[in-house]
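Structure, as structure tokens:
The values are calculated or read from the model by the stated rules, or taken from the named source; none is laboratory data. Bear in mind that the values here come from a model prediction, so they are computed numbers and not experimental data. Using ideal geometry, Cβ is built from the backbone for each residue, glycine included, and neighbour counts are taken over all protein chains shown. To get the accessible areas, we keep the full protein, side chains included, count just its heavy atoms, and leave off ligands, DNA and RNA. Shrake-Rupley method; radii C 1.70, N 1.55, O 1.52, S 1.80 Å.
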Amino acid sequence: MKLILAIISNDDSTALIRGLNKESYQVTKLATTGGFLRAGNITLLIGCEAEKVQRAIEIIEKYSSQREELVPNTAGYDMGAFSTYPVKVTVGGATVFVLDVEQFLKL
Ligand code: 2BA
């Protein structure tokens, strides 16, 4: 038995959990905060058999891989000026730990 800890963006969590549930993975979602940016993120706990870890990682990658998105540029708002040009930002991505589980009990 393994425990996967996946730290992902809040925006990706709904689709990712749905994708995992569809393939029979059980998931617990924790609301967490990154220590560096102090921004909210989501940590998923996924307990599964060792042979199912690789597929879980593929699903995590599918729904949370890093990509670039265009967002409105609000940099000049405070100065009373603004740009209508969108800027590219990198969003998504996942940090994944896979741990050995010593005991798994449902009491
Ligand atoms: P990532 O490396 O993609 O990490 C995203 C979030 O994943 C982190 O949020 C943290 O919550 C978690 N995480 C990543 N590596 C971890 C680890 N080894 N142990 C436990 N949790 C881990 P933040 O801490 O807010 O970091 C956001 C982003 O800021 C990071 O993205 C990285 O690009 C950058 N960053 C983090 N720490 C940094 C540092 N000391 N110096 C420079 N950049 C840093």
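Can you tell which of N73, F97, L3 lies farthest toward the positive end of the dipole of the chain, using +1 and -1 charges on the Cβ of basic and acidic side chains (Lys, Arg; Asp, Glu)?
So the residue furthest toward the plus end is L3.
Rolling a 1.4 angstrom probe over the protein heavy atoms, how many square angstrom per residue are accessible across the chain?
72 Å²
Could you pull out the longest piece of the chain with no exposed loop trypsin sites (Lys or Arg not before Pro) in it, calling a site exposed if DSSP puts it outside H, G, I, E, B and it has at most 16 other Cβ atoms within 10 Å?
39-105
Would you mind finding the longest exposed-site-free stretch of the chain, with exposed chymotrypsin sites (Phe, Trp or Tyr not before Pro) meaning DSSP loop and at most 15 other Cβ atoms within 10 Å?
That gives 37-81 as the longest site-free run.
Show me the GluC sites (Glu not before Pro) within region 16-69 that DSSP assigns to loop and that have at most 16 other Cβ atoms within 10 Å of their Cβ.
E23, E49
Give me the one-decimal nm value for the distance between modelled label points at V101 and Y85, 7 Å along each residue's Cα-to-Cβ direction.
Once both label points are built, they end up 5.1 nm from each other.
Helix 10-22 against the longest principal axis of the chain: what's the angle in degrees, Cα atoms only, rounded to the nearest 10?
Taking the Cα atoms of the chain, the angle to 10-22 is about 30 degrees.
So what's the back-of-envelope 222 nm ellipticity for the chain, counting only DSSP H runs of four-plus at -39500 (n - 2.57) apiece and dividing by all residues, rounded to 500?
Computed mean residue ellipticity for the chain: -7500 deg cm²/dmol.
What ranking of T33, T28 comes out by heavy-atom accessible area, probe 1.4 Å, highest first?
From most accessible down to least: T33, T28.
Treat every Asp and Glu Cβ in the chain as -1 and every Lys and Arg Cβ as +1, leave all other atoms uncharged, and give the resulting dipole magnitude about the Cα centre to the nearest 20 debye.
Result for the chain is approximately 200 debye, rounded to the nearest 20.
Counting only protein heavy atoms, what percent of the accessible surface of the chain is carbon or sulfur at a 1.4 Å probe?
53 percent
Can you tally the net charge around V87? Count Lys and Arg as +1, Asp and Glu as -1, for every other residue whose Cβ sits under 12 Å from the Cβ of V87.
Result for the local shell: -1.
Subtract the Cα-Cα distance of L37 and E49 from 0.36 nm times their separation in residues, and report this length gain in nm to one decimal.
The L37-E49 span can extend by a further 1.0 nm.
What's the Kirkwood radius of the chain in Å, using all Cα pairs?
15.7 Å
Output the 0 to 90 degree angle, nearest 10, between the alpha-carbon long axis of helix 53-64 and the longest principal axis computed from the alpha carbons of the chain.
For 53-64 against the chain, the angle is about 20 degrees.
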